[in-house]
Structure formats: structure tokens, C-alpha cells
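The values are calculated or read from the model by the stated rules, or taken from the named source; none is laboratory data. Just so it is clear, the model here is predicted, and its values are computed rather than measured. Here the Cβ positions follow ideal geometry from the backbone for every residue, glycine too, while neighbour counts run over all protein chains shown. Keep in mind that these areas ignore ligands, DNA and RNA; they rest on the heavy atoms of the full protein, side chains included. Shrake-Rupley method; radii C 1.70, N 1.55, O 1.52, S 1.80 Å.
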Amino acid sequence: MSSLASRANPLLSSLPHFLTWRALGFRTICSGRLGFASSDPDPPVAGTKVLETFKEEFEIGSRLITLETGKIARFANGSVVLGMEETKVLSTVTSAKGDSVRDFLPLTVDYQEKQFAQGVIPNTFMRREGAPKERELLCGRIIDRPIRPLFPAGFYHEVQVMASVLCSEGKQDPDVMAANATSAALMLSDIPWGGPIGVVRMGRICGQFIVNPTMDELNLSDLNLVYACTKDKTLMIDVQAREITEKDLEAGLRLAHPEAVKFLEPQIRLAARAGKNKKDYKLSMVSEKTLEKVRNLAETQIEAVFTDSSYGKFERGEALDNITQDVRRKLEEECDEESLNVLPKVIDTVRKQVVRRRIISEGFRVDGRHLDEVRPLHCEAGNLPILHGSSLFSRGDTQVLCTVTLGAPGDAQRLESLVGPPTKRFMLHYSFPPFSINEVGKRVGLNRREVGHGTLAEKALLAVLPPEDDFPYTVRVNSEVMASDGSTSMATVCGGSIALMDAGIPLQEHVAGVSVGLVSEVDPSTGAIKDYRIVTDILGLEDHLGDMDFKIAGTRNGITAIQLDIKPAGIPLDIICESLEHARKGRLQILDHMEQEISAPRTEDDRNRPRIATMKFSNDVLRQLIGPLGAVKRKVEEETGARLSISDGTLTIVAKNQSVMEKAQDKIDFIIGREIEIGGVYKGIVTSIKEYGAFVEFNGGQQGLLHISELSHEPVSKVSDVVCVGQQLSLTCIGQDVRGNIKLSLKATLPNPGQSEAKNVVEGSVPAMSKTPKVWASVESVSNELDELKPVAELLVNRGVVNSPSSSPAFLIRSVAECDEQEKSTGLNEASKITSKTSRTSKSNRKSKTNPPKNDDSHSSFSSSDIFSHTEDSSNNDEDEGKTPVTARNLKLGTKVTAKVYQIRTHGLVLDLGGGVRAMYRFEANGKRDFELGDELRVKCTSFSSKGVPVMSLVDAY
């Protein structure tokens, strides 16, 4: 401390010792307070702690892997830090002291990813990690499933595994690393365990398998395989794939096994150097005497129950309970307390032996089916018609209700994991309520089993969803198990696939899943399998009494997801590969029934079903819709009940039915307006009445003219006899003049008395939406002016907004204020031209405009002559048109001019008409395309684009 004071202030070193703080008995000032120091002026210096560490290094898949123990978590029964490049994972194992009386293994596996591992503070209110996330539960299952079968039979002591990520660079997924670190920690501990195990991840890019792929490589891979094994047997398989064939998957499994075995020898060497001697734990074993006694009392009755296929799930369970009670009464009469204590476990053992012996020797199952027979199926699509999509799927007594809800891109789930994407737009939530097995239970938070089953079904369906660019929406599938008798997760896959098609989502293929089981006969002396049977579509009882639960989901083309769980200490890989073919045959049977119910996405347009519409706008328009701090957007959502999502120039509207969608679109139209197409029917309010017609205002302040000739099929002498100010009308847009002014018609929406069949017109803010396929793809922004010449109606159809048979070009209705300003500037130009000294001939060639009446001060841009100017005879001789300079004022429909090729585009030409006027010509089918810059062409004006660009057709060329 004195040295620090000297460096801070050199004068302090010259003070006498009796004047210093320490000589007066005070400490230095700390936290603004003084304290008395100890009498010893020189405290002892701490020694250096030397940690004895043990380390093993090896290489797998061109990546260096290290196992280290002795430095961290030294008090744990076993602790190992496994590192791969810059990612390190710590795994610890502990066991409870004392002997507890129970009949199961209380193994707990906790996996945690804290944000400090990537240098981030949690974005929560408390700035701490909360409850375990779904990914952490799934990683815990990856660790639990391969290590659980290797604990010795009868070992019922509580064991806890805690794995945590110390640091992560984001390149490697820590889940496989944590599983290998747990195996090494169990090897170091004194807990009896039949390891070690090796866990490896395999990917495949362009047909080439990759060992331990990075996260970037997994994004390009069509296979994500996690494989766990001992030296010669398989323990666990977890697969997510994109319709990989059984043959290719088998090749990946046989390649993964020797790579996973490379993890075993380093763990054995580390345990030999730093491991503890295995402790003798008390095993809860049933004596052979007790087992034989109960077998003699109950085997005959149990066999009678299992050979009667008329028993259902609960009838069979009730019969077995009665048998157990009868045996209990006999043991109570004999006062056999030892047998009474283990009676439920012994009865279960006898039941297991009876069922397995009948399957192996006779080839028949509990419900009377053959080994490769699938239970009876029932599929029902659209059973809840008011939802986006729904289905009811039953296989035997297992029944699952699946629903689909579509949302905007902003509804995607935000993830905060160390690796992987930041959001998830497809979610499948699986629920297993207690009533599905006729039990009383309590619904709590996230359940490991529910999360695992839901994720398996989610991975199976994710492979057939359309790409995100073509399908930008967020999808939530909710699976409710209505009744359970085995394979509810595979039933969720089938029901989810049907519900997605019922929602109109363009799936590439139907996906089905089936669970395959195994019943084997083992040599007790060697542990080798002497005989076995593979069972397709297992019951819940067969899952409990069998050796494995092999869940396989896929399409007709290949596998999309796999989850393998086993009960013995490993199964040979040959049997696993043989089971793939049994699963494929069962899957094809299920797909046949599903395709009979629904084989293609629905296209019906029911007004009571929820709606989603996607539209593209400019950023300025979207800012206007959002408003200050989102006030305008929130107001629209509150008033209409719809939900708006805005991102990347795209507006997505989610409404619960068609009426809410129309209400939301009307509100949006009122705020920002919309492009109007010829032939569309639109609602407007009459704002003023003139002698020659009425002005009608649309949403967003846009206005058009309803001419007196378009009021009725009968002659009208006075406009006010038909319409009045403030009246709401449904009008048809029938045309546009060269300046963009809009012509409206009321009689086009009315039945014509002279026609036998009246036209049916549906009123709305958009053209009638008849039964059309739902369009999911969003239209990307147009990159050149030629694409702007496409009819806006076509663009709106592609955006999923409208569906109109009209192919006429669309335009934007102008407001009265815009027309007034343009008319004023036009009047000034006309005055200057009249007063200029020009020839009489040029004055006669210049076309004059008729001004509206003087009392029309608010709508001066419209008149009875210029509104319909493009319908006048425009067949002037070519010589006069060729001599008259082309301007934006005198160019109208039918005008023929000589133009030069100004620019050549992919779909057409940009033409120079002279006078700074540009026009567009689109290539015709089977027409001439070999133009060059500067070529002169004879063209005629045929239409105008939505932005006023003239569209020309070819008359002749030089």
C-alpha cells in the first residue's frame, strides 16, 4: 500500500512513520469511511495453489478436441471440460448419499446456455437467465437418452448431470460436446456406469458426408444426424433431413459409428489417470425366489388376458389390476412381506416375459395384429372450418387434433440461443393433457417430453414447407392429444401434414410417421441377441415392454426426421438399418389414407375463414401508415381487429375473416390511398354536383368524375335527380385521359334492361375475390421501367390482394388539389403561347382546351371535353403527325409518330419521341427483337402506364 501511495504522491514517502495513517492505527480510506488496522503491519503473503490437471487431446473430423479435468469443479464427483476450437463445455456429475427406496432411476440432466458464453448481457428485466428454454431442454434430452440405458439394473440412486457452456464462438453446436463431456465425467466418478460412449454429428453437402460440421455447413446440409454408440452397439439416433433415402441414411450411420468410437479411448485413458474407484452401491434387485413364486400365481391369468384381442387398453389394464390384487391377497395370507414390497415390479416383469415370448414364438401381438400391420386409420381434414386449417387423425386408439394458425412475418419466435438462427417462423407445439390417458393431472410449464415430441414432429414437417422467399408467413401448428395408446408424436406428424394442406399451404409432399419397436431374446451368459422380432406401429404397452422406440417420419421420397430411444445397453446397427425398411412400408400405408382425405392444398375461399394479404408499398407510404410512434398503425388495429406487420417495404394484414380484412383494407385505403385499375368497382362519396356530372371522392382524398352520361342507362336531364352530395356509391372505373383524370360510371354497376342477363358485380374496395388459390409468394420490387408497364392488376393478384380478370393498365386517381395546380400551370402556358408571335397555321394545329364553367372553382381540372378526349377521332394523316412536334400535351391515344430507339431492355425498348418525351415498346410474342440503338421506328400510342409513360405499338420500321 505504501508503494501505491508513493507512486500516487511522491511527498508521502518522505513523511515520518508516526504521521502516517497506519501508524495511527487506521486503514486507508475505503468507500468514504475510516477503519482501524490490525497491529501487524506486514500481513503474511499467500502461497501459490498448484492444481493438478489431466488433459487428453485427439482429433476427429479434422478438428482438435481436448478433455481436461482437475482445474474446474474439483468437488464434483466427476467433472470434465471438453473443448473444440474456441468452444468449451463443462459437465459435472454427482450422486445422492444414502439409500433411497424406489423402483426407478431418478436421473436428472440439466443443460444451460448462459449469455456470458458469447459476451452478451441477457435482455431481460432482471438481466438474468430465466427458466430453461426449449433448446436447453432438447440438449438435455440429447445427453439423457444415450447415458440412461448404461446404468446397471437395480441402481436407483439419484444422479444429477449439469452441463453448461463456458464459451462459444458460434461455429460449433455445444450439444454433442456436452454429451461427450458427460460420458467422460461419469467415467471419472465413482458411480457405476457401463460407458464410455461416443457422440458425433454428421452432415451431408452435395452428397459428401461431413464429420462434426459447423453451423454454417449445417445450413447447406440436407442431413443433421446425431449418433451415439458404445464400441459395438447403437444407443441413440436423432435425425433431421430433407427427404433422404433409407439407403443414404444407412451409409451415414455406418460412417458415423467408427467416428463416434474415436471418443472412447481418450476417455478410458483419462479415467485411468484421474478417475475414482467405482463405489459399491446397493442395487434393488428382485430375488429369483420371489419372481418364481409370483410367476406361478399370476402367469396363467396374465397370459389369458394378453391372448384375448377383444380387450381394449383400459379393459386390459383393469384385468391386470384384478390379477395383481388376487396375488396380493394370497401373499398377505402367507405373510410374505418381501414379496409384497416388490409385487408391482414383479408383476410387470412377468407381464413383460409373457408378451415378449408370444411375439417371438407365435408372431402375434397383444391386439391380435401381425408384426408388420398398421392399426386402423381415420383422417378428417377441416373439421374446424373457422380456423386456418385443422385435422383429426386417429390410428387405433391414438387420436390427435391438429390446428394451423397463420401469422405475419413479425410473429416469428425470437430465439436467444448461442448458435442457430435468431428467429423461428415455423412452430409446432405438442400438448399431452391428462385426460388423454384418463388420469387426473395438473398442467404446469414446459415439459421435457412434450417439448421433445413437438420438436420431432416440427423437424419432420419443416422439410416440406415452401422456401421462406416464396412463403414469408409465420405458421404455428398446435397438436392436442385427445387419446393416447402409443406413437402420439408420429400421429402429430400425420395430423399436422393434413392440417397444413387444409390451410392452403403449398406443401411439397405429405409427411407421415410411424414408430417401430423391437422384441429380442438375449443370451444371459454373453448378452448377445439370439433372436428378435421387429414390430411396426407399436402400442403404448409394446413401447413399455419392448426394447426400442424407433420413430421415423418422412414422405414417399425419403426420411425427414428420426428419433431412436432404447432400453437395453445398446442395439446392433444391423438391426437398426433393417428397421428402416419396415418403417418405410408402414409409412406408405399411412400416406395412402392421408392422400385419400386430402391430396393437395385447399383453394376454397370461405368468407368466414381467416385471411392474410401481403402488399408492397414505398417507404414513404409505410411511414405514413405507421404514424408518429406507431399511433396510426395501432389505431387501425384497434378499430378493425386486424393485425398489421410491416417489414422491408411489405405490409402484411392478418384478419380473422373476410369482413375484417375488407374493413382493414378500407382503413388503409383511406390513409394512404391505392392504385385503381380499369374495370374495378370502388366505393366513393359524392362531394359536389355540376351540370355535366358529379365529383366522387375515394379513400385517401383521391377523386374522379362521374359524367352525366354515365349515371343511368336511361337519359338523365339533371344530375341532382340521380345523386346527391354525401351519397355513397359503388362505381366502376371505366377510363383515364392522357393527364390521368379518372372516368367513373354508375350505370356499369346497374343491370341493363336491354340485356337478358345482368352482370353480377360485387361491391368492395377491391375487385371481387372469387374462388382463387391462395397466393403465398410475395412479389419482389420491379427493377426496371419495363416491368412498371405490367398491369397493376397483375401485380396485385401476385401479391394476394386482388383477383381481377381485367388486363387493362392501372393508374392512380388524382386529388382535386393536384388537378387544380396542374390546370393553373397549364393556363399560364396556354396564355404565353397565344400571345407569342406564331404563324396562323401553327395556331390552328394547336388543340385548344375548353375551360369548365366559372363557378367550378374547386374542380377546374375536369371538363366534359377533356375528360373524354381520348375517345375522339385520332386518325389524323401521318404527314401532319410527323411534322407536329411531339409533346406531353398533344400526345394522345392513336397518335402515330416516328421514334428512335433510345435504349434496349430485356423485355422491350425505350423510345425517344423527340421534345424530351420517352415512350416504351414491349416485345411482342414471335415478333422482331433484333433492334439497334438509333433505329427509327413508326409507332402508335396505344395506352399509358400507371406513371403516365406512353406505351407504343409498332406500325412499321425502316
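Quick notes
- When you filter the GluC sites (Glu not before Pro) in the range 445-543 for DSSP loop state and at most 15 other Cβ atoms inside 10 Å of their Cβ, you are left with 468.
- The label point for residue 72 and the one for residue 46, both projected 7 Å from the Cα toward the Cβ, are 2.0 nm apart.
- Gyration tensor (alpha-carbon) shape descriptor, the range 320-432, a/c threshold 1.5: prolate
- The trypsin sites (Lys or Arg not before Pro) of the range 253-290 that meet both conditions, a loop assignment by DSSP and at most 16 other Cβ atoms within 10 Å of the site Cβ, are 262, 276, 278, 279, 282.
- The slack between residue 383 and residue 414, meaning 0.36 nm per residue of separation minus the straight C-alpha distance, is 8.0 nm.
- Modelled FRET efficiency - R0 22 Å, residue 309 with residue 372, Cβ distances, 0.05 increments: 0.85
- Isotropic mean projected area of the C-alpha convex hull, the range 895-954 (nm²): 4.0 nm²
- Relative to the current alpha-carbon distance between residue 749 and residue 251, full extension at 0.36 nm per residue lengthens the span by 172.6 nm.
- Distribution of pairwise C-alpha distances over the range 288-362, 5 Å bins, in %: 3, 16, 29, 24, 16, 8, 4, 1
- Accessible area of residue 215 (1.4 Å probe, protein heavy atoms only, ligands and nucleic acids ignored): about 30 Å².
- When all alpha carbon pairs of the range 352-492 are counted in 5 Å bins from zero, the resulting P(r) reads 2, 8, 14, 18, 17, 14, 11, 7, 4, 4, 1, 0 %.
- Probe 1.4 Å - accessible area at residue 615, Å² to nearest ten: 10 Å²
- Charge tally for residue 144 (other residues, Cβ to Cβ under 13 Å; Lys, Arg +1; Asp, Glu -1): 0.
- Counting protein heavy atoms only, the range 895-954 has 44 percent of its accessible area on carbon and sulfur, 1.4 angstrom probe.
- Expressed as a fraction of 2.2 N^0.38 Å, the C-alpha radius of gyration for the range 377-597 is 1.06.
- Put a dot 7 Å past the Cα of residue 59, heading toward its Cβ, do the same for residue 508, and the two dots end up 3.6 nm apart.
- Cα gyration tensor, the range 457-540 - rounded (a/c under 1.5), prolate or oblate: prolate
- In this view, the solvent-accessible surface of residue 144, computed with a 1.4 Å probe and all protein chains in place, comes to about 30 Å².
- For the range 568-650, trypsin sites (Lys or Arg not before Pro) are listed when DSSP marks them as loop and at most 11 other Cβ atoms sit within 10 Å of their Cβ; the list is 607.
- Cα shape, the range 192-348, gyration tensor, a/c 1.5 rule: oblate
- Where labels lie 7 Å past Cα in the beta-carbon direction, separation of residue 123 and residue 362 in nm: 6.2 nm
- The range 913-947 versus the range 207-251: alpha-carbon centroid distance in Å: 57 Å
- Potential lengthening of the chain between residue 281 and residue 110 amounts to 59.2 nm, from the contour at 0.36 nm per residue minus the alpha-carbon distance.
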